[in-house]
Amino acid sequence: MLTRKQKRLISLAAIFVVSVLSVVLTYTVIHIDLLPAKYLILFIAIIVTLNILSAACLLVKKVWTRIIAVIIHILLIAMSVAGINYVGKADTFLDDAFENYTYDITNYNIIVNATSKYNTLQDLNGKDISYLNFYEDIDQIKKEVSKKIENPEFKEQIDLFVTTDYLLKDEISALVIDDGFLGALDENYSDIEKRIRIIDTFEVKTKVKKEENVSNTTTAPIDPNAPSTTTTEKLEKIKSGDSINIYISGSDARSKTIQANSRSDVNMILTINPNTKTILMTSIPRDYEVLPHGKTGLTGKLSHVGIYGLETTKQTVEDLMGIEINYAVKMGFSAVVELVDLVGGIDINSDQEFDSYHMKGWHVKKGINHMDGAHALAYARERYAYSSGDRHRVLNQQQVLQATLKKLMKSQSLLTQYDQVLSSLSQFYITDVPRSVISKYVKMQLNNMTSWKFKSQSVNGGRKYAKTFSAPNTDLFIATPDYNSIKKSRNKIKQTIEG
């Protein structure tokens, strides 16, 4: 039989344990920086009240008060342990989920003519292995190939499509090509997948080099008679939590794991002003003619600049638009499927009916269509159904993004579980956005669940065929910049930022 003193010591020990767990839980909730002040104060008030009530009931001698105390203690212990575990895991994940763009990772393929006698890496021992000279990690490419093939005879090539012709004519044995440009071959060869064979795939990883506070006073305009597409000074540095510009790059690379060095098939700037609750989407055609940032010589398609990595592509868009872009995100098309499914599908108002090119058997009707992730991706990729082709596709992409963001922002449950949302997407994106920015935006939205206003625009361009940095001996279709369109778009971005 326990003495009164022993019972009192046990009660004090229980109060101490619960108090420590409650303090740790409160600290972790504050540290994760997700709840708005009013909800955080309410949470702390509930924890403190339950601790005081349980302690008071435990110290009172009546049986019924002790029963209540035991129930509250069990509740607090269970809630604290579960909460600390959940918040701790979420905190660890969020540290990894943001500013995770520290390395450029590129998947390279060793390809041969499908009708050739080369079926294995051993068959290529001592043979010529071609590579494209505009790759920046050529030394690492050679090193990796030399690990796989004995005594390779490396050949430098300058033109993506001419070199592919050499391969298809058996004038070279093998070609090293990244996932992005492998996908680009269908621009000139409709049956390329049947005409080549992938012998091996390997990965090259390089550390990202970022330029800080660079002001591009010269832009090497594509048309020497055209006005500069950039201002001499970029827009003033914008603090986290206020208006920001985020460059969105979409990749259609073969690999499911997102790569920084891959084609940029979707190019969009999100201008977000949380004070006016406005999001402006500015789309740039993937075939837009640009000079890769930091390079000289031939221009090329914006989509092909992706081979130089997300940072260079972002800086190229800065040069083109004459604005500072605060952060960048590169995502694979698989992220669209995951995110749309996560919000329960979206409703899209199509301005015409058509049979989907990318999802055989699906007929899109004019008017409202409910789409899951796979259908939304097919809709966002559609261009063959429209006379304006790529120009209409960017409008579809804006529709899909707007509908998805609207559903996401209206759901408190999804906003409060954004670590889980991002966990399901983490393999499909890379970004230099810090978690502090996301936390502030989530808190602001939870604090005021009013609707956001979405606006959209696209820069326009002409048409021509020209030689590019990726194909200096081949004429490729290029969208020539419309400088008046760029200027108008830049002014609208600035107006959105300034509110």
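The values are calculated or read from the model by the stated rules, or taken from the named source; none is laboratory data. The structure presented is a predicted model; accordingly, all values stated were derived computationally and were not measured. Heads up, the Cβs are rebuilt from the backbone with ideal geometry, glycines too, and the neighbour counts pull from every protein chain shown. Side chains included, ligands, DNA and RNA excluded: accessible areas come from the protein's heavy atoms. Shrake-Rupley method; radii C 1.70, N 1.55, O 1.52, S 1.80 Å.
Annotations for the structure displayed:
- Region 283-312 - residue that is open to solvent by 20 Å² or more (accessible area, probe 1.4 Å) and small (Gly, Ala, Ser) and, of those, farthest from the chain's Cα centre (by Cα): 297
- Note on region 94-142: among residues that are β-branched (Val, Ile, Thr) and in a loop (DSSP other than H, G, I, E, B), the one that is most open to solvent (accessible area, probe 1.4 Å) is 115.
- Leading residue by the ranking (nearest to the chain's Cα centre (by Cα)) among those in region 11-20 that are open to solvent by 40 Å² or more (accessible area, probe 1.4 Å) and modelled with pLDDT of 85 or more: 20
- Residue 91 vs. criteria open to solvent by less than 80 Å² (accessible area, probe 1.4 Å), among the charged types (D, E, K, R) and assigned to a helix (DSSP H, G or I): yes
- So residue 385, is it over 21 Å from the mean Cα position of the chain (by Cα) and either more than 23 Å from residue 259 (Cβ to Cβ) or at pLDDT below 90 (or both): yes
- Options 176, 162: the member that is of a type outside the set (Gly, Ala, Ser), in contact (Cβ under 8 Å) with a residue 60 or more places away in the chain and farther than 14 Å from residue 203 by Cα: 162
- Total residues in region 431-464, condition open to solvent by 20 Å² or more (accessible area, probe 1.4 Å) and assigned to a strand (DSSP E or B): 9
- Any hit, region 466-486, residues being open to solvent by 70 Å² or more (accessible area, probe 1.4 Å), modelled with pLDDT under 95 and assigned to a strand (DSSP E or B): no
- Within region 186-211, residues that are part of a strand (DSSP E or B) have Cβ atoms under 7 Å from residues that are of a type in the set (Lys, Arg) in these pairs: 200/148, counting only partners at least 6 apart in sequence or on another chain.
- Qualifying residue in region 34-46 (condition: part of a helix (DSSP H, G or I) and under 30 Å from residue 136 (Cβ atoms)): no
- Selection count where residues are surrounded by 11 or more Cβ atoms within 10 Å (Cβ to Cβ), modelled with pLDDT of 90 or more and of a type in the set (D, E, K, R), scope region 181-202: 3
- Test set (1) closer than 30 Å to residue 151 by Cα; (2) at pLDDT 80 or above; (3) not basic (Lys, Arg) - residue 104 fails condition number: (2)
- Meets criteria (on the phi < 0 side of the Ramachandran plot, assigned to a helix (DSSP H, G or I), within 36 Å of the chain's Cα centre (by Cα) and buried (at least 16 other Cβ atoms within 10 Å of the Cβ)) for residue 76: no
- Condition check for residue 24 on (1) hydrophobic (A, V, I, L, M, F, W, C); (2) in contact with a Leu (Cβ under 9 Å, 6 or more places away or on another chain); (3) in contact (Cβ under 8 Å) with a residue 24 or more places away in the chain: one failure, at (2).
- Residue 17 meets the conditions (1) without any contact (Cβ under 8 Å) to a residue 60 or more places away in the chain; (2) assigned to a helix (DSSP H, G or I); (3) over 30 Å from residue 447 (Cβ atoms) in every case but one. The failed one is (1).
- Of the set (1) among the charged types (D, E, K, R); (2) open to solvent by 10 Å² or more (accessible area, probe 1.4 Å); (3) within 20 Å of the chain's Cα centre (by Cα), all apply to residue 330 but (2).
- Residue 171 vs. criteria part of a loop (DSSP other than H, G, I, E, B) and either touching a residue at least 12 places away in the same chain (Cβ under 8 Å) or under 21 Å from residue 468 (Cβ atoms) (or both): no
- Complete set of residues in region 25-43 that are under 13 Å from residue 80 (Cβ atoms) and open to solvent by 60 Å² or more (accessible area, probe 1.4 Å): 27
- Complete set of residues in region 190-204 that are touching a strand residue (DSSP E or B) at 6+ places or on another chain (Cβ under 9 Å) and either basic (Lys, Arg) or over 26 Å from residue 146 (Cβ atoms) (or both): 195, 197
- When region 343-366 is limited to residues that are within 23 Å of the chain's Cα centre (by Cα) and surrounded by 18 or more Cβ atoms within 10 Å (Cβ to Cβ), the one that is farthest from residue 396 (Cα to Cα) turns out to be 343.
- Cβ-Cβ distances below 6 Å connect the following pairs, each with a first residue in region 269-287 that is within 19 Å of residue 330 (Cα to Cα) and modelled with pLDDT of 90 or more, a second residue that is assigned to a loop (DSSP other than H, G, I, E, B) and open to solvent by 10 Å² or more (accessible area, probe 1.4 Å), and a separation of six or more residues or different chains: 279/452; 286/265.
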